[in-house]
Amino acid sequence: MMQRDRRRHVGQLMLAGFRGHSIPVELRSLARDFDLGGVVLFARNVAEPAQVAELAREAAELSRSAPVWVAIDQEGGRVQRVKAPLTIWPAAAVLGRADDLDLTRRFARALARELRAMGITFDFAPVLDVLTRKDNPAIGDRSLSSDPAVVARHGVALVRALQQEGLPACAKHFPGHGDASVDSHEDLPVVDLSPDRLEHVEWVPFRAAIDAGIDAVMSGHLLVPSLDEHSAATLSPEVITGRLRGQLGFGGLVLTDDMDMKAISLRFEPGAAAARAIAAGCDGVLQCGGDLDRVHAALEGLVRAIEDETLPATRVDEALARHAELKARYLSEDARRRAPAAPTLRDVIGSAEHALVAEQMRQFA
């Protein structure tokens, strides 16, 4: 593979975060060297919906060789990057308490419509972590329930509704963050659970979502000694390839959680972490802290790992194929023709229908 082609292909494995309300010059420069797979938007990128729509349009033009994901974490509750004048959604926990599948489906459809109206093409949701530790600092009310059956039931409803509305869904955070006592934004959690316990609690929702045809799964930055004593799940072939792919049978796209979280960034430089994640079986790396030098370092690290054969070219080809397949299903011209018509901002801002769904959810807050 020629050097230019290698750099272009490696870029497809990266979803990058950045600072500002428009595409920075540095990101455009990076995209000229590496055809980026996508961008991830945060509250720091948001002023109001029309500006987000323009930003999404700019982002979609960054790559010359393949469509670009414009991704976001829009769950409701405390993880909601775009707020008023769009609908302010309660946290997912209220859906579990309501245990009304029709309400869950109406929420997901409304959420997807609002995101698609702004040009967002990927939502990193739903959270399928089973909240078994009430003092969990990272998950809390982001979880649907402490009951794995409830999480599975409503997780499947969310997945199907999001995907039917034209947005790929992404279950997170495998192998399960619900029993962690440490936030992976700050350090590496150790979740000391047996494989049998994981199979019968933490993995129940993930297995249900996989059986329902979910498009993507996000890895969690946590250490599960019963699965791998040495490596965080994101960097562990045993967890990603052995358990998620092998035991649970997931054949879709696997994305890392943000590699700028301290659980990873305190222990590895960006290039080494990115190479280890792809080698472990992840297909895409999220580098979301906003420092584009770290994005560049991660990409250069991937190139070096391919050149020195510590990252097998066959593994890279497999990851690229999964991105291409999912983009063909959602971002190609044919996919856009087949998808439900994207609403306009006028359709969703101040939507009485969406406000009613949010109010019905708040009754269970």
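If I model a spin label as a point 7 Å beyond the Cα along the Cα-Cβ vector, how far apart are those points for residue 135 and residue 97 in nm?
2.2
Of all DSSP beta bridges in the chain, what percent run antiparallel (nearest 5)? Intermediate results must be reported in sequence, preceding the final value.
Values: 2 of 25 bridges.
Looking only at bridges with both residues in the chain, the antiparallel portion is about 10 percent.
Assign one of three labels to the range 169-213, namely rounded, prolate or oblate, based on the Cα gyration tensor with a ≥ b ≥ c the square roots of its eigenvalues; rounded applies when a/c is under 1.5, prolate when it is not and a/b is larger than b/c, and oblate otherwise.
Values: a/c = 3.79, a/b = 1.45, b/c = 2.61.
Taking the square roots of the gyration eigenvalues as a ≥ b ≥ c, the range 169-213 is oblate.
So for the chain, taking the charge dipole from beta-carbon charges (+1 Lys/Arg, -1 Asp/Glu), which of 51, 154, 108 sits furthest toward the positive end?
51
Applying the Karplus parametrisation 6.51 cos²θ - 1.76 cosθ + 1.60 with θ = phi - 60° to the phi angles of the range 231-236, what ³J(HN,Hα) value in whole Hz is obtained for each residue in order, glycine and proline being reported as x?
Listing the rounded values in order: 10, 4, 3, 4, 9, 9 Hz.
To the nearest 20 Debye, how big is the dipole of the chain about its Cα centre, given +1 on the beta carbon of each Lys and Arg and -1 on that of each Asp and Glu? Can you show the working numbers first?
On the way: 43 positive and 52 negative charges, 198 e Å.
For the chain, the charge dipole is close to 960 debye.
Quick one: if you stick a label point 7 Å off each Cα along the C-beta vector at residue 61 and residue 47, how many nm between them?
Those two pseudo-labels are separated by 1.7 nm.
Among 169, 316, 232, which residue has its Cα furthest toward the positive end of the charge dipole of the range 3-362, with +1 on Lys/Arg Cβ and -1 on Asp/Glu Cβ?
169
With charges only on Cβ, +1 for K and R and -1 for D and E, what is the dipole size of the range 156-229 about its Cα centre, in debye, rounded to 20? Could the numbers behind the result be given before it?
Numbers: 4 positive and 13 negative charges, 80 e Å.
Taking the Cα centre of the range 156-229 as origin, the dipole is about 380 debye.
As an exercise, identify the GluC sites (Glu not before Pro) in the range 231-315 lying in DSSP coil whose Cβ has no more than 16 other Cβ atoms within 10 Å.
Values: sites: 238, 300, 307, 309; in loops: 309.
Loop-located and lightly packed - 309.
Could you go through the range 19-34 in sequence order and give the Karplus-derived ³J(HN,Hα) for each residue, using 6.51 cos²θ - 1.76 cosθ + 1.60 with θ = phi - 60°, rounded to whole Hz, and x for Gly and Pro?
9, x, 8, 9, 5, x, 4, 5, 6, 4, 5, 4, 5, 6, 8, 10
When the chain is modelled as a GNM with alpha-carbon springs shorter than 10 Å, which of 116, 97, 197 fluctuates the most?
Residue with maximal mean-square fluctuation among 116, 97, 197: 197.
Name the residue from 125, 264, 249 whose Cα lies farthest towards the positive end of the charge dipole of the range 3-362, charges +1 on Cβ of Lys and Arg and -1 on Cβ of Asp and Glu.
Projecting each Cα onto the dipole axis, the largest value belongs to 125.
Taking only DSSP H segments of four or more residues, each worth -39500 (n - 2.57), what value at 222 nm results for the chain once the sum is divided by all its residues, to the nearest 500 deg cm²/dmol? Write out the running numbers ahead of the final one.
Values: 14 runs with 149 residues, N = 365.
Helix contribution divided over all residues of the chain: -12000 deg cm²/dmol.
No value in this document is a laboratory result; all are computed from the given coordinates. Everything quoted here is computed from the prediction, not taken from an experiment. Every residue, glycine as well, gets a Cβ built from its backbone with ideal geometry; the counts of neighbours run over all protein chains shown.
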